[in-house]
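In what follows, a structure is listed as structure tokens, so that the remarks can point back to it.
The values are calculated or read from the model by the stated rules, or taken from the named source; none is laboratory data. None of these values were measured; they are calculated from a predicted model. Using ideal geometry, Cβ is built from the backbone for each residue, glycine included, and neighbour counts are taken over all protein chains shown. The area values use the complete protein model at the heavy-atom level, side chains included, leaving out ligands, DNA and RNA. Shrake-Rupley method; radii C 1.70, N 1.55, O 1.52, S 1.80 Å.
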Amino acid sequence: GVVPNNEAIVTTALTQYAQDTAWIMMFGMVANIVLARFSRMPYIFLTGHHTLYMAAMIAIVLTVGGLSGVSLIIGGSLILGLTMVIFPAICQPTMKKLTGIDEIGFGHFSSIGYWVAAQVGKIVGGKSYEAGKSKSTEDINFPKWMSFMRDTTVAISVTMIAIFLIVCGVASTKADWQTALAATGMDDSTTWLTYALQAGMRFAGAIYIILSGVRLILAEIVPAFKGIADKLVPGAKPAID
């Protein structure tokens, strides 16, 4: 099977559109700063990988639409810069409601979907949402013996192992199970049970690495952003994912 995720698609696209993507990304960030400075949407979009994905998509779409050269770069940069302030602005009311502060924005290009989800939440929550009294998963009282599940890595590991056990258990009843394992290079496990355990823990380990990286980046980006905001865009808000 093929998982059409952003990283895979963009990597493929950059073999042909790398130069246009790079120019659009660079000037798009400049456009973001200008718009944040002179508009009512003071957000500096700091989710770098999302900026790269969007720059690549814009380069491809505008190229197919007939633009090239300077017109492609200028048009793409302006579109990218505009999305980098509009998307955080869309989610800011919800961000303020959930976090209780208004100093940080949400920098993600799936913001329209999140905004729709927030509106559904308002409808489902009703008056309790408006009053700030809607129930949270944090309010659920779990048995003490389940306290180990408070650790995100452990919770993910247990969940994914359970999922892999179910899927692998079903798959192992198929005639071509071993052939499929050999074809994917995953036939080094003693049994499907062992493979399921390993796969679940590998998944949790990968997520732990991602989360650690995100926390490290956030700890560095926010203080660095303050210097940009003070000098170029007074009162700006960092938008991060």
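Key figures
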quantity: Förster-model FRET efficiency, 45 Å R0, residue 215 and residue 176, C-beta, rounded to 0.05; calculated: 0.60
quantity: Angle in degrees between helix 69-99 and the longest Cα principal axis of the chain, rounded to the nearest 10; calculated: 70
quantity: Helix-only mean residue ellipticity at 222 nm for the chain, each DSSP H run of n ≥ 4 adding -39500 (n - 2.57), per residue, nearest 500; calculated: -24500 deg cm²/dmol
quantity: Carbon + sulfur, % of accessible area of the chain - ligands and nucleic acids excluded, 1.4 Å; calculated: 68
quantity: Cα gyration tensor shape for region 1-75, rounded if a/c is under 1.5, else prolate or oblate; calculated: oblate
quantity: In Hz, Karplus ³J(HN,Hα) per residue of region 48-57 (6.51, -1.76, 1.60; θ = phi - 60°; x = Gly, Pro); calculated: x, 5, 5, 4, 5, 4, 5, 4, 5, 5
quantity: Cα gyration tensor category, rounded, prolate or oblate, for the chain with a/c compared to 1.5; calculated: oblate
quantity: Nearest 10 degrees, 0 to 90: helix 152-171 Cα axis against the chain principal axis; calculated: 60
quantity: FRET efficiency, 1/(1 + (r/R0)^6) with R0 45 Å, evaluated for residue 49 and residue 140 via beta carbons; calculated: 0.85
quantity: Per-residue SASA entry for residue 230, accessible area with 1.4 Å probe, Å² rounded to 10; calculated: 100
quantity: Residue 105 long-range amide H proximity, modeled H, under 5 Å; calculated: 239, 240
quantity: Order by protection proxy (mean Cβ within 10 Å, highest first), peptides 83-96, 203-216, 152-165; calculated: 83-96, 152-165, 203-216
quantity: Ranking by accessible area, most exposed first, for 52, 82, 62 with a 1.4 Å probe; calculated: 82, 52, 62
quantity: Under-12-angstrom lysine pairs by C-alpha in region 1-150, whenever the two are 8 or more apart or on separate chains; calculated: 4
quantity: Cα gyration tensor shape of region 34-114, rounded if a/c is under 1.5, else prolate or oblate by comparing a/b with b/c; calculated: prolate
quantity: Karplus (6.51, -1.76, 1.60) ³J(HN,Hα), θ = phi - 60°, over region 37-42, in Hz, Gly and Pro reported as x; calculated: 6, 10, 10, 8, 10, x
